[in-house]
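The values are calculated or read from the model by the stated rules, or taken from the named source; none is laboratory data. Please read these numbers as outputs of a predicted model, since none were measured by experiment. Glycine also receives a Cβ, built like all others from the backbone with ideal geometry; neighbour counts cover every protein chain displayed. For the accessible areas, the whole protein counts, side chains as well, though only heavy atoms, and no ligand, DNA or RNA atoms are used. Shrake-Rupley method; radii C 1.70, N 1.55, O 1.52, S 1.80 Å.
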Amino acid sequence: MTDFEKKIIEELKLALEYQEPTGDYAQWLMGISLPRVVERKNNQLVITARVVVKTSDSDYVDGMDIAFSLEPIIDPNYYQNNPDYHGGSIEDSQPWLKKHGKVILEQMDNPFEMVSLKDLSMDELNQIENNFDESRCSK
């Protein structure tokens, strides 16, 4: 992954990812793709990222195309547009995302979600304990 791609992911995460302090709601980037072609708009080179966003309170996702100049700087007015892909299923969003170009981020699970130890099986708890013990021994 290039530094430019990392910068786009970073800017989109800052702009679009969110978790309420109570942990009851989260919004995250589920996917980002970039086209293979750079456009020229208003005498600037522009690349358009295709973005799929997921929230913790819905089984559906939304998506939109967001323009970046090659600095990269996110289009400051992206949020004023309606989603280009609205209320679709996760499965249906993947071809829409890939059709745009190279997928540079795919994150299907909520990155803010914490797993409660009470929800884990004994085998999973034992594996966590073994991994912890091994990491302590190696230091």
Label point distance in nm, residue 18-residue 84, each placed 7 Å from Cα along Cα→Cβ: 2.2 nm
Unit charges at the beta carbon, dipole of the range 1-116: most positive-side option, 56, 103, 18: 103
Under 5 Å, built H, 5+ apart or other chain: amide partners of residue 107: 31
Residue 98 versus residue 7: modelled label distance in nm, points set 7 Å from Cα along the beta carbon direction: 2.9 nm
Distant-in-sequence amide H partners of residue 46 (H built 1.01 Å from N, under 5 Å): 39, 40, 41
Derived scalar couplings ³J(HN,Hα) [the range 44-60; Karplus, 6.51 cos²θ - 1.76 cosθ + 1.60; whole Hz; x for Gly, Pro]: 10, 7, 10, 10, 10, 8, 9, 10, 10, 10, 10, 10, 6, 9, 8, 7, 9
Rounded accessible area of residue 4 (nearest 10 Å², 1.4 Å probe): 60 Å²
Area of residue 102 that stays accessible when all protein chains are in place (1.4 Å probe, Å², to 10): 100 Å²
Stretch gain in nm, segment residue 110-residue 55, where the contour uses 0.36 nm per residue and the Cα spacing is subtracted: 19.0 nm
For residue 84, residues with placed amide H under 5 Å, excluding near neighbours: 63, 64, 65
Kirkwood Rh, Cα atoms: Rg over Rh of the range 1-115: 0.97
